[in-house]
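One structure below.
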Amino acid sequence: MINRTLPVLLVLGLSACASDPAPTEQLRLTEQALAQTRSLGVLGEQSESLRLAEGKFAQAQAAILDGENKQARHLAEQAELDARLAEAEHLNAKGREQLAELSQRISRLRQQLGAM
């Protein structure tokens, strides 16, 4: 029984790997996320998350060339999430800067009102 089941499982497993389509849509989404993050002025030298995203995207492209579509999809998904994280970190930092600036302005206004 086991001798008959093993070849069937191997064939099914190999056909599942072979039928995994190229993740062209995921690569497009990842490339779009990277471009959007860069458009905010985020650079790989400044952001560890963006650096990771760029590296994983390059690995995904290499995996496609090697025919490793499943691996390419996973790497592209991770790269997209890393790019989105880099974007969120950047926007969060900008928000903190703006909040600090507003707090300083409010303090100055309070001082001016107190001096009256």
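Side notes on the structure shown:
- Selection of first residues in region 103-116 that are in contact (Cβ under 8 Å) with a residue 40 or more places away in the chain and of second residues that are of a type in the set (Ser, Thr, Tyr), restricted to Cβ pairs under 8 Å at least 6 apart or on distinct chains, gives an empty result.
- Residue check: PHE57 meets all listed conditions (1) crowded, with 17+ Cβ neighbours inside 10 Å; (2) modelled with pLDDT under 95 but one, namely (2).
Every residue, every condition in (1) in contact with a Phe, Trp or Tyr (Cβ under 8 Å, 6 or more places away or on another chain); (2) open to solvent by 90 Å² or more (accessible area, probe 1.4 Å); (3) within 17 Å of LEU29 (Cβ to Cβ); (4) assigned to a helix (DSSP H, G or I), yes or no:
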| residue | (1), (2), (3), (4) |
| --- | --- |
| ALA72 | no, no, yes, yes |
| ALA76 | yes, no, yes, yes |
| ALA79 | yes, no, yes, yes |
| ALA88 | no, no, yes, yes |
| ALA93 | no, no, no, yes |
| ARG105 | no, yes, no, yes |
| ARG108 | no, yes, no, yes |
| GLN112 | no, yes, no, yes |
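- The one condition from (1) closer than 22 Å to ASN92 by Cβ; (2) modelled with pLDDT under 95; (3) assigned to a helix (DSSP H, G or I) that THR30 does not meet is (2).
The values are calculated or read from the model by the stated rules, or taken from the named source; none is laboratory data. Note that the structure is a prediction, hence the values are computed from the model and not measured. So basically every Cβ, Gly included, is an ideal-geometry build from the backbone, and we count neighbours across all protein chains shown. All accessible areas refer to the heavy atoms of the entire protein, side chains included, with ligands and DNA or RNA removed. Shrake-Rupley method; radii C 1.70, N 1.55, O 1.52, S 1.80 Å.
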